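First up is the structure itself, then whatever we jot down about it.
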């Protein structure tokens, strides 16, 4: 499996949009707007690949000078539980550290809290609803 930063607008980015739509949006009856996708030009886009096929993805968004937020973490349904998400998270943490961020935070779906806790993340606020489902803010100090 190869982990890499991908370019906005590339073939890999189009795969990323399809995977996120399949896993994160369509099951909730949602879709991406062109405006949302245009905003991603400034984000750090990360993909996990086997040959040319995207297995999973996520992105990092700068929130403050030393805080970055993980968004849109998705792994193909038939590949979940095989270590791809963990590999993506460790890769994202290393990129964040290398770029000078001290804290990585996210809006974690309630169903994924256990996954992130196993990677050292802690709940940092009350439950809230986002994209029609329960979430928690979770964070981890990187330094």
Could you tell me whether residue 113 is touching a helix residue (DSSP H, G or I) at 6+ places or on another chain (Cβ under 7 Å) and either surrounded by 13 or more Cβ atoms within 10 Å (Cβ to Cβ) or without any contact (Cβ under 8 Å) to a residue 24 or more places away in the chain (or both)? no
Give the residues of region 67-100 that are touching a strand residue (DSSP E or B) at 6+ places or on another chain (Cβ under 7 Å), surrounded by fewer than 19 Cβ atoms within 10 Å (Cβ to Cβ) and more than 16 Å from residue 139 (Cβ to Cβ), sorted by residue number. 76, 79, 87, 91, 95
Restricting attention to region 106-126, does a residue exist that is within 13 Å of the chain's Cα centre (by Cα) and under 22 Å from residue 8 (Cα atoms)? yes
Can you find a residue that is more than 20 Å from residue 139 (Cα to Cα), surrounded by 15 or more Cβ atoms within 10 Å (Cβ to Cβ) and out of contact with any helix residue (DSSP H, G or I) (no Cβ under 8 Å at 6 or more places or on another chain) anywhere in region 31-39? no
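Every number in this text was worked out from the coordinates using simple rules, so none of it is lab data. Because the structure is predicted, anything quoted here is derived from the model rather than measured. Cβ: placed from backbone, ideal geometry, glycine included. Neighbour counts: every protein chain shown.
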